[in-house]
Amino acid sequence: MILFSKLPSVCGGTLLQLPADTPLSYLLFDSRKLVVSPGATFFALKGQQQDGHRYLQQAYQGGIRCFVLEQAPREPMPEASILQVPDSLAALQQLAGWHRRQFSLPLLAITGSNGKTIVKEWLSSLLPASEQVVRSPKSYNSQIGVALSVWQLHEQHSIGIFEAGISQLGEMRALQQVLAPTLGLFTNIGPAHSRGFASLEEKVAEKALLFTDAHTIIYCRDHAPIHAHLQQQYAHKTLIGWSQLETEGPWRAGVVRRQRDSLLQLHTPAGEHSYRLPFRDSASIENALHCLFFLHSQGYAHSELQKQLSQLALPAMRLELKQGVNGSYLLDDAYNNDLAGLQVALEFLQQQKHLRKKTVILSDLLQSGLAEGELYTRVAELLQMHQVGRLIGVGPAISRAAPLFASIGQTAYYDSTEALLQEHPERQISRELVLIKGARPFGFERLVSRLQQKVHGTVLEIDLDALAHNLNFYRSRLKPGTKTMVMVKAFAYGSGSHEVAHLLQYQHVDYLAVAYPDEGISLRQAGITLPIMVMNAAEETFASLLEWELEPELYSLSQLKAFLHYLKTHRKQARVHLKMDTGMHRLGFSRADLPELMELLRASLRLARPPIEVASLFSHLAGADSAEFNDFSQLQAQRLRDYYEQLAEALSYRPLLHLLNSAGILRFPEYQFDMVRLGIGLYGAEVNGMEQRSLHPISTLKTTVSQVKQIPEGETVGYSRSQAARQNMQLATIAIGYADGFDRRFSNGVGKVLIGGALAPVVGRVCMDMTMVDVSGLDVQEGDEVIVFGPERPITQLAGEIGTIPYEILTSVSERVKRVFYSA
Ligand SMILES: *Cc1c(COP(=O)(O)O)cnc(C)c1O
């Protein structure tokens, strides 16, 4: 542990103030994930989208007392210890590197294009039980992630396994200095993230910098560019270059793939070893061989290895948020149950604040390397810091630790998962956010299936990380200071408004907008506190708008007068948004309305308590997504500016001005004004067709095969006998129809779905709840997964097939389809 006062000797900089000296505990950089504990230190990092300095006060008010920053704080923080450095990220990395050098254990660093996380996870479960392993949580392999990973190191650890990932030239040197690995493993090289590099060779060379100080490197020589580079650059090191292809050489593997598994025959200088691996795909085989060659070459092979190998599973790479019984939400984290994983899951819980009450169902933590007392003291600390109100502990160890959890409001302990299941947990859970986290031997899948709302065949999976990515992509295109309003109308374009709104609130967007008051009220009830604009506010909804602090869009004189009248008679005040019609001719004040509009505003200003405040003035482009209409869009922008100047003068203050939707943000940066209104782009469709590759698809619509049948040539399929089999046909009936949002226009071969990676065309007409597809020649079984749209089958493609736009595809997915949200 290092004292705050000693930081300058490790990472340079100047101590601005030091009212009290504390040893550093947690390292924080995200003001939304504060851990208030003595010594918790906030690093104000300057990123592309965010500047940590903006959140200093928030962190200080939240109780943080230690800061590392680049610019002195604007407001006083009298109780804070402050170190000012030229570069906060570099300081964080220097501190992590210093910490790492306090320990002399073997430290393996893994890099490569694919498989880093799996190799790391597999290796830690394959090492002998006597080893105390410390490893990166999840795939924490970035510039910040690596520093935080290394910070976990303590005396009891006997080996460290960390992954390092980079996306551009110049990044690996910093990771090498933090990790200082003694051992290296290079998984493979592929085109992933190639953007930041001129050539494959350059990418290999950059990654290999990680191994500068390692004495041994494990890699597969069948990847020629890796082999060539390591041979040339690191000839003086021990290179364990194994091969699946060559017939000569000290490290080789023969592989036999069988029906359900594969046999691995290892040739090593010490002899031959055979293993059975419960996978048969080439990626898993390569990952397993990396592990086995590492274990054999470094003296970690042991008699239980085959047994542990048989139990390998692909690590769950994502946290899933599911709707649970009785209005609860479940965060299902099947990821390895250790302290770091628990912290990651608890942080995710912070993001989804629908429900106040937080419950954690936690099994014994295995393989932590800490003594039981210390381990559960730390668990208790984490639960308390994240305001967990209820703990259900499962397993003998956590039950023994019960006295440590005395500060948690409600606790219950069970010896085993069976014992908990017998007590009908589904009756004990109601309207709460439940984190379910169990080590694998506890089989928490049974618990999840008991607590989960039953999902019928069709689900829409939403990738929250992709949403955040898309948001940040558009933010990166905004001028500094431009605000973002996000459109979450129509159930957030079909994606699920509460969960999306929580993510947006967490990401600090400035405004939300919905079409109807009901949508806004439902967001407020779910705990959304961001300002919300409502686009269609009818007179009978005025009372509830005010009650829920929703801000109406006003678009006509009659509506404005009605609202003013309402406010005056009820002695209320409200913020409103004025919509101008500049050429769309849908809703909005027209030029002819201007004189009267200004007069009404002036009159209202003259009152002692002006009933309305104009929060913003805006308009909507009719053809932002097409160059064909650029001139017209420019005319609309000109008109809007003109109206704005007149109104601002009447108001004698300047409300926010905004015009652009998603397409406009990219096409007309010069019209970003004070704010933009992001819609479809957030949900993954770039309707200009200019930047589709910069966006990530956010949703996957999945269903299942209900039945498979063979029909002879000439038979017709479905209602009205619209299509006949041209030859004998294998047919699958899938559990989705037009009532789920699978458009009837997909009938008779127009639409296609993906089954086992192959496209299966629709046969006959789409029915209300079902559809038949042609799976002739495919290996398809009842229960198989069917993908209607998703990353492999873009919504733009579906839209094209039936002559519509991505908006309609997204918003058509009916509300009876369950939404599942996940995050890496
Ligand atoms: C829906 C909507 C948007 C968002 O449009 P996208 O094309 O989805 O980005 C912006 N402004 C208004 C007024 C809207 O109704």
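The values are calculated or read from the model by the stated rules, or taken from the named source; none is laboratory data. On a predicted model such as this, the values are computed, not experimentally measured, just so you know. Don't worry about glycine lacking a Cβ; one is built from the backbone with ideal geometry, like all the others, and counts go over all protein chains shown. These accessible areas exclude ligands, DNA and RNA; they are computed on the full protein's heavy atoms, side chains included. Shrake-Rupley method; radii C 1.70, N 1.55, O 1.52, S 1.80 Å.
Does residue 313 satisfy being surrounded by fewer than 13 Cβ atoms within 10 Å (Cβ to Cβ), of a type in the set (A, V, I, L, M), in contact (Cβ under 8 Å) with a residue 24 or more places away in the chain and under 26 Å from residue 132 (Cβ atoms)? Yes, satisfied.
Scanning the stretch 747-758 for residues being buried (at least 16 other Cβ atoms within 10 Å of the Cβ) and either without any contact (Cβ under 8 Å) to a residue 24 or more places away in the chain or under 14 Å from residue 776 (Cα atoms) (or both) gives a total of 4. Applying the condition of being open to solvent by less than 10 Å² (accessible area, probe 1.4 Å) and outside any helix (DSSP H, G or I) to the stretch 93-120 and asking which residue is farthest from residue 12 (Cα to Cα) yields 112.
Per-residue answers, yes or no, for (1) away from the ligand (no atom under 16 Å from the Cβ); (2) among the small types (Gly, Ala, Ser):
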| site | (1), (2) |
| --- | --- |
| 437 | yes, no |
| 462 | yes, no |
| 471 | no, no |
| 474 | no, no |
| 477 | no, no |
| 493 | no, no |
| 501 | no, yes |
| 532 | no, no |
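Taken together, 704, 700, 716 contain a single residue that is touching a residue at least 40 places away in the same chain (Cβ under 8 Å) and within 15 Å of residue 806 (Cβ to Cβ), which is 700.
Pairing residues of the stretch 490-511 that are more than 22 Å from residue 536 (Cα to Cα) with residues that are within 16 Å of the ligand (Cβ to nearest atom) and assigned to a helix (DSSP H, G or I), at Cβ distances under 6 Å and at least 6 apart in sequence or on separate chains, gives 503/467; 507/471. All of (1) surrounded by fewer than 20 Cβ atoms within 10 Å (Cβ to Cβ); (2) within 16 Å of the ligand (Cβ to nearest atom); (3) within 20 Å of residue 658 (Cβ to Cβ) hold for residue 516 with one exception: (3).
Residues in the stretch 759-780 that are among the small types (Gly, Ala, Ser) and either assigned to a strand (DSSP E or B) or open to solvent by 40 Å² or more (accessible area, probe 1.4 Å) (or both): 760, 776, 777.
Which ones in the stretch 781-818 are in contact with a Ser or Thr (Cβ under 7 Å, 6 or more places away or on another chain), outside any loop (DSSP other than H, G, I, E, B) and open to solvent by 10 Å² or more (accessible area, probe 1.4 Å)? Within the stretch 781-818, 785, 787, 806 meet the criteria. Here residue 72 clears all of (1) under 30 Å from residue 477 (Cα atoms); (2) within 31 Å of the chain's Cα centre (by Cα) except the condition numbered (2). Restricting the first member to the stretch 663-679 and to residues that are under 19 Å from residue 512 (Cβ atoms), and the second to residues that are of a type in the set (Gly, Ala, Ser) and surrounded by 20 or more Cβ atoms within 10 Å (Cβ to Cβ), the beta-carbon pairs closer than 6 Å and six or more apart or on different chains are 664/624; 678/662; 679/662.
Could you check how many residues of the stretch 251-285 are assigned to a loop (DSSP other than H, G, I, E, B) and either at pLDDT below 95 or over 19 Å from residue 184 (Cα atoms) (or both)? Summing the residues that are assigned to a loop (DSSP other than H, G, I, E, B) and either at pLDDT below 95 or over 19 Å from residue 184 (Cα atoms) (or both) in the stretch 251-285 gives 10.
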